1. Counting only other chains, and only Cβ atoms inside 10 Å, what mean value do you get across the residues of B:45-54?
2. With both bridge residues required to lie in the protein assembly as shown, what share of the DSSP beta bridges run antiparallel, to the nearest 5%?
3. Can you give the net charge of the other residues whose Cβ lies under 9 Å from the Cβ of B:GLY131, counting K and R as +1 and D and E as -1?
4. Once the mean 1/r over all distinct Cα pairs of the stretch A:45-215 is inverted, what Kirkwood radius in angstroms do you read off?
5. Please compute the contact order of the stretch A:45-215 in relative form: average sequence separation of alpha-carbon pairs under 8 Å and at least six residues apart, divided by the residue count, as a percent.
6. Please report B:ILE261, B:ILE125, B:ILE270 as a ranked list, fewest other C-beta atoms within 10 angstrom at the top and most at the bottom.
7. Within a Cβ distance under 9 Å of A:ILE82, other residues only, what is the Lys/Arg minus Asp/Glu net charge?
8. Magnitude of the Cβ-charge dipole of chain A, K/R +1 and D/E -1, about the Cα centre, nearest 20 debye?
Amino acid sequence: MAEKKPSVWTSIRFWRRSAAWVTGFATILLIWLTFDTMGQIRMGTDEELAKGIKRRIPAPTVINYKIGYKYDEKRGLEAPVIGPEKQPLFGKELSPKEARALLHLGKLTVQAKNCMDCHTLLGNGAYYAPDLTKAWLDPMWEKTMPAMTGKKTKEEAMVAFLMHPERYPTHARMMPNLGITEQEAKGIVAFLKHMSSIDTNGFPRGFSKTIKEYETGGTYAK
Amino acid sequence: MLNKTAHLSPSKQLAMNYFRVAIVLFGAQLLMGLIAGLQFLYPSFLYGIFDFNVARMIHINALVVWMLYAMIGSVYLMLPDETGIEHPVAIGLGKLAFWVLTLAVTVVVLVFIFIQVGPGKESSIWFINEGREYLEAPRWADIGIVVVVLIFYANVFFTYMKGKKTGIMTVLVADLMALAGLYLAGMFFTDNISMDQYWWWWVIHLWVEATWEVFVGALAAYGLIRVINAKREVVEMWLWIEVLMLFGSGILGLGHHYFWIGTPEYWWEIGALFSALEPVPLVAMFVHVLYDWGKEQGQTQAQGGRTAIKNGPAMAWISVNAFGNFLGAGVWGFFHTLPQVNIYTHGSQFTAAHGHLAFFGAYATILIGMMYLGIQDSYGVKRMKATFNSKMAIFLITFGVLGMTVALTIAGYEQVLVERAELGAGWQAFFTAQNLPWYIQAQTWREIMGVVTFIGFVYLLIDLLTIGKKEAAQA
């Protein structure tokens, strides 16, 4: 009986080797998938946009287009609809270079003002204030906020609000004044419009219902 | 916890320094949480002076930093015991790194408190606030952290190479390298928010759901050997099985953060499958702790002894860790990890509920346990028994965090059903849910349970400061 070998299941060497193999395999798979994802989430180009080639993350010049969010029967989820009609931000169509610069300013400002520790972006951040993934498409910006800020368009209303949120309270929980300048506010608007064009696999679900209700005179129409 | 460390090895003295700063930052984390929680109920509280974003930023950063401090402390604590070397090769540099890091953390916190946010320029990212949840520390501090961590790692690595190479140390040395390297993935700027979050999750997820978990496995292994005299062969075999399961599920479990950030749809299946497996090792870790405890206790009694436990409070915290890790990270994580559920729950109070119980259960608990081991060494106490304060601390903190988690889960249900499912997640939908009476009730309970947690912390602080002296006097 003394000859009997101990079971492999109680061998440290077996488990150490298995751990190394499994970890190595998982890591290699993750790196491979990362390469694939990198290709799919790089920002698109202006040419692709003009030709109507769909990218998950469109070029910064997407801010020159009208953006919608509709239920896609085939995918079974909501997806952004870009163009084909144009809807330039602040009434002026931007060149690829200008659009990129404005988006850059917006992203920098969003980080420097620490938006993410109240709001969520693509669902990540803090849960004290509304998710901003599709904020550009929020029906509140159609009539309510332009009326409150005394501006004609939603982008102008957004700029006015971002510069002085304390002047336009909608609820007891208010956004504080973060010292955002007019140019920075325009950058943020470009960032938000760009973010609303990202294909997020249907998150937030049901947001298109909110838009539709507004358009048909439902809950959000005032 | 103070002054009694002169006879300790230099490595353990340094460990105690790290623990001291960690416990202060833990207190800061709780205070900031109380402020932020109160702002949910009274939005005008400190409005325009110390806004929610500031309180919340310091709340989560103090959390991460105190845990990193306690983790480094734990490594310096076990280094002499595991390697048999009392003087890590570059202990002088290690001490210097401690002071540099502490100075840097102080400056960062002061800037967060008094400057808060900056203009939309690169200089803000470099000197004020990087504005990416958990990684808000400005870039200069990032670089400083990397340098300090390199010094720490060099100390661990070369001491390991020189001394005994136990299984625990082998796991730790490999794990720490991955942990430190991953931080680099969070140190760049991009205009592409999807790309930004892709790499941001490499740091956050591969820390808390992979490398930190393995780290905890190594700490538990060390703790069990020290506290209940568990057999090294058994503990180290378990550790390798845990590494296998934790990395096997956790690395690709990263996919559950890639459902909705612009990344391709195949992450649904990968993320769902592997993150659903993540609780498995946590069950195993729990079983392992109870099994070893029962075994050693039985043997002790058979030999006529009364208890196998040589450090009561440490064992209590290790046990809470074993169960809390499974409950907070495992069960509460699984609640909302499948894309079919997560499309509604993503970015809601559900996430906050999971976050509170998981960070506490998986990390805070065992790190507090390590502090008790450090105190035992400092005062040379052979058998450290839990005092009244230790019991109050563990009871109130655990009860408080569980209470907060339940309250936030209820708030999460309310939010998900009303804001997401019923109203479709817009601006008004958000506030309609936030203003529901049941939601407000849940947030009220969260704050009450936060206060309970804080009272528990006060007991903990008193206990850490006094238990060593008390028990040394009795012995």
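Only the coordinates and a few stated rules stand behind these numbers; no lab work does. These figures come from a predicted structure and were not determined experimentally. For neighbour counting, all protein chains shown are included, and Cβ atoms are generated from backbone atoms with ideal geometry for every residue, glycine included.
1. If you average over the peptide's residues, the count of other-chain Cβ atoms is 5.
2. 80 percent
3. Once all neighbours under 9 Å are counted, the net charge is -2.
4. 16.4 Å
5. Reported as a whole number, the value is 28 percent.
6. B:ILE270, B:ILE125, B:ILE261
7. The answer is +2.
8. Rounded to the nearest 20 debye, it is 620 debye.
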